[in-house]
Amino acid sequence: QVRLVESGGGLVQAGGSLRLSCSASGNTGSINDLGWFRQAPGKQRDLVARISVSGATGYADSVKGRFTISRDNAKNTVYLKMNSLKREDTAVYYCNAHSVVTFPYRSSDYWGQGTQVTVSS
């Protein structure tokens, strides 16, 4: 089992910045990819950014060049630095951990409780 706790959300004006953090505990040695998803009211939960255990990253087109994902494996923490925020970035942001246990093989996805990010004009 992996437990994820997010922090860092809040209210910010358009053009501003925020940094989200997500700390993992439990069976952290099984974690491969870490990621951030977001869900706006009435919409599905979408991938924002993902980072592998080796540091390879991927981003949604809508946030490329504005958001940066990073991870500190020693602290079992993943970050999302969000710059040049837009109103359409308003959503609940969820941390995700993809866990793989090799024997017996089992892959699992874990989610944090979510943190609200609201961007005002």
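For the chain, set up a GNM with springs between Cα atoms under 10 Å and report which of A56, A40, A74 has the largest fluctuation.
Most flexible of the set in this elastic network: A74.
Using +1 on the beta carbon of Lys and Arg, -1 on that of Asp and Glu, and nothing else charged, what's the dipole of the chain about the Cα centre, debye to 20?
Working: 14 positive and 8 negative charges, 25 e Å.
So the magnitude is around 120 debye.
Assuming 0.36 nm per residue, please report the length gained on full extension of the stretch L11 to V100 beyond their Cα-Cα distance.
Separation in residues times 0.36 nm, less the Cα-Cα distance, equals 28.5 nm.
Give me a comma-separated list of calculated 3J(HN,Hα) values for the range 105-121, in order, Karplus coefficients 6.51, -1.76, 1.60 applied at θ = phi - 60°, integers in Hz, x for any Gly or Pro.
5, 7, 10, 9, 10, 10, 10, x, 7, x, 9, 7, 10, 10, 10, 9, 8
Which length gain, in nm to one decimal place, applies between S107 and S84 when the Cα-Cα distance is subtracted from 0.36 nm times their residue separation?
4.8 nm
Hey, in the GNM for the chain with a 10 angstrom Cα cutoff, which one of S21, S99, S84 fluctuates hardest?
In this elastic network of the chain, the residue with the biggest mean-square fluctuation among S21, S99, S84 is S84.
Pick out which of V101, V63, V48 has the largest mean-square fluctuation in a Gaussian network model of the chain, springs linking Cα atoms closer than 10 Å.
Most flexible of the set in this elastic network: V101.
Express in nm, to one decimal, how much length is gained between K64 and Q116 on full extension, taking 0.36 nm for each residue of separation and deducting their alpha carbon distance. Numbers along the way, then the final one.
On the way: separation 52, 0.36 × 52 = 18.72 nm, distance 2.04 nm.
That works out to 16.7 nm of additional length.
Each value in this text was obtained by applying a stated rule to the coordinates, not by laboratory testing. Just so it is clear, the model here is predicted, and its values are computed rather than measured. FYI the Cβ positions are ideal-geometry reconstructions off the backbone, even for glycines, and counts take in every protein chain you see.
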